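The values are calculated or read from the model by the stated rules, or taken from the named source; none is laboratory data. Bear in mind the structure is a predicted one, so any value in this text is a computation, not a measurement. Cβ coordinates were reconstructed from backbone atoms using ideal geometry, including for glycine residues, and neighbour counts include every protein chain displayed.
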Amino acid sequence: MPNVAIIIQTYNHANFIEKNLQSILEQECNFSFKIIVHDDASTDGTKEILEKFKNNNPEIFDLFLQEHNTHSMHLSKKLSFLRPFRDHINKFDYVAFCEGDDFWIKKNKLQIQVDFLQNNKNFSCCFHSFAVLNNKTGHITYPTNHPNVILSPYDLKTNKIFARKCTVLQRNTGGILLYFDAPNHGGIYESSFIKNGDLFRNSQMGYFGKGMYFGNFVGSVFRANEESSWEHLPEVEKAQHRAVSSYWIAKFHERMGDLDAAEHWAKGALANMHAGLQDIFEKKSQQTQADRLLFETIDQIRLDMFAGNHRKAQRQLKLALKKNPSNSDLLGLQEWIKREI
């Protein structure tokens, strides 16, 4: 019988976690599974809800309840905290995922996916379509039907179709979840720097076989939650994270010898880097001629001060302050010059 783990990662999901867990417990399967929950030191009652479910189903639940939040930890310390969680996961043949605020909506979801991977040994993973729940309005948007798609190893490596975490079942081949660990403990070096872990996890799967996308099967709901650590980020900052992740995924594929996949992610890194710096370009385009002249004046005052031309710097500062009496840069320069002379 297949050995299946369902990984749930939570942080302050008290309003959502019961629906999440109940949807998984309602799965109708001809095999048993373990629900492995990692709670990152929630403070809103999530831990107490998890313990209630564990007490009611002790044979199904394994809880990893952190006393300290790992999200803000230094990487090496964070990975040492996660290592027991990682080691436990690697005991299973198959791994499914569901974030603590998402949930499954088809009772045969897991059975369909496990059956597929059991019968198709040359596939490393399978995933399906999902609906999106607007957490603010409560409205659920269902996708239009898409055809099923067989993804080549290259398609997986390049994330041709992005696999949302709540849709994935993957073969746990060779400890595929080593991105949870540090390189000196067997982990993958590049994973230490990657901001978007889902991109990297999906991309790795291309080294273990093909992928199957069930486009006409909607098996889960993704909650678009503005309070999540990702959703609240400005678009420019999201692009910066994607640029960093794309760079390191490119370096991973380069090290693995797949230069085509490396090139794909390198192009993505450049595109996201441009988008991540877009705020600078916008500020530049909005800058007036007067702004540019003022910045040039400030630079010249600094240069004159460093060159010892104190009187010239004072004269220029006095003229600039007449035109811009409340400019913080000029006022700061004024205080600096007072101290220096």
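Mind listing whichever residues of segment 114-139 are within 24 Å of the chain's Cα centre (by Cα) and under 21 Å from residue 27 (Cα atoms)?
Scanning segment 114-139 gives 125, 126, 127, 128, 129, 130, 131, 132, 133.
Please specify each residue of segment 254-263 satisfying the condition of being of a type outside the set (A, V, I, L, M, F, W, C) and either in a helix (DSSP H, G or I) or touching a residue at least 60 places away in the same chain (Cβ under 8 Å) (or both). Talk me through it step by step, then tell me what you get.
Step one: filter segment 254-263 for residues of a type outside the set (A, V, I, L, M, F, W, C), giving 254-255, 257-258, 260, 263.
254, 255, 258, 260, 263 - these are the residues of segment 254-263 that are of a type outside the set (A, V, I, L, M, F, W, C) and either in a helix (DSSP H, G or I) or touching a residue at least 60 places away in the same chain (Cβ under 8 Å) (or both).
Only one residue in 304, 279, 291 is surrounded by 10 or more Cβ atoms within 10 Å (Cβ to Cβ), modelled with pLDDT under 85, among the charged types (D, E, K, R) and touching a helix residue (DSSP H, G or I) at 6+ places or on another chain (Cβ under 6 Å), so which one is that? Give the steps one after another, and end with the answer.
Working: 304 fails: modelled with pLDDT under 85; 291 fails: touching a helix residue (DSSP H, G or I) at 6+ places or on another chain (Cβ under 6 Å).
The match here is 279.
Just need a number here: residues in segment 112-143 that are within 28 Å of residue 100 (Cβ to Cβ) and part of a loop (DSSP other than H, G, I, E, B).
7
Conditions (1) free of Cβ contacts under 8 Å to residues at least 40 places away in the same chain; (2) under 21 Å from residue 199 (Cα atoms), marked per residue:
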| position | (1), (2) |
| --- | --- |
| 113 | no, yes |
| 138 | yes, no |
| 145 | no, no |
| 159 | no, yes |
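Name the residues in segment 2-21 that are farther than 15 Å from residue 172 by Cα and touching a strand residue (DSSP E or B) at 6+ places or on another chain (Cβ under 8 Å), would you?
In the first step, residues of segment 2-21 are kept if they are farther than 15 Å from residue 172 by Cα; the result is 8-21.
Once the filter is applied, which keeps residues that are farther than 15 Å from residue 172 by Cα and touching a strand residue (DSSP E or B) at 6+ places or on another chain (Cβ under 8 Å), segment 2-21 yields 8, 9, 10, 11, 16, 17, 19, 20, 21.
Can you say whether residue 214 is under 26 Å from residue 128 (Cβ atoms), in the same structural domain as residue 119 (by TED's automatic domain parsing), modelled with pLDDT of 90 or more and surrounded by fewer than 19 Cβ atoms within 10 Å (Cβ to Cβ), as far as the supplied structure shows?
Details: under 26 Å from residue 128 (Cβ atoms): yes; in the same structural domain as residue 119 (by TED's automatic domain parsing): yes; modelled with pLDDT of 90 or more: yes; surrounded by fewer than 19 Cβ atoms within 10 Å (Cβ to Cβ): no.
So residue 214 does not fit the description; no.
Restricting to segment 142-159, give me the number of residues that are under 15 Å from residue 261 (Cα atoms) and either crowded, with 18+ Cβ neighbours inside 10 Å or modelled with pLDDT under 95 (or both). Give the steps one after another, and end with the answer.
Within segment 142-159, the first condition is being under 15 Å from residue 261 (Cα atoms), and the residues that meet it are 151-159.
Narrowing the set further to residues that are either crowded, with 18+ Cβ neighbours inside 10 Å or modelled with pLDDT under 95 (or both) leaves 151, 153, 156-159.
Looking only at that region, the number is 6.
Identify, from the list 267, 251, 283, the residue that is within 24 Å of the chain's Cα centre (by Cα), part of a helix (DSSP H, G or I) and without any contact (Cβ under 8 Å) to a residue 24 or more places away in the chain.
Details: 251 fails: without any contact (Cβ under 8 Å) to a residue 24 or more places away in the chain; 283 fails: within 24 Å of the chain's Cα centre (by Cα).
When all the criteria are applied, what remains is 267.
Given (1) closer than 23 Å to residue 86 by Cα; (2) touching a residue at least 40 places away in the same chain (Cβ under 8 Å); (3) buried (at least 17 other Cβ atoms within 10 Å of the Cβ), identify the lone condition not met by residue 27.
Here residue 27 meets the rest and fails (1).
For segment 1-24: of the residues being among the hydrophobic types (A, V, I, L, M, F, W, C) and under 24 Å from residue 116 (Cα atoms), which is surrounded by the fewest Cβ atoms within 10 Å (Cβ to Cβ)? First the steps, then the outcome.
Initially, segment 1-24 is screened for residues among the hydrophobic types (A, V, I, L, M, F, W, C), giving 1, 4-8, 14, 16-17, 21, 24.
Add one more test, that the residue is under 24 Å from residue 116 (Cα atoms), and what stays is 1, 4-8, 21, 24.
On the way: 1: 10, 4: 22, 5: 21, 6: 22, 7: 21, 8: 24, 21: 26, 24: 19.
Here the answer is 1.
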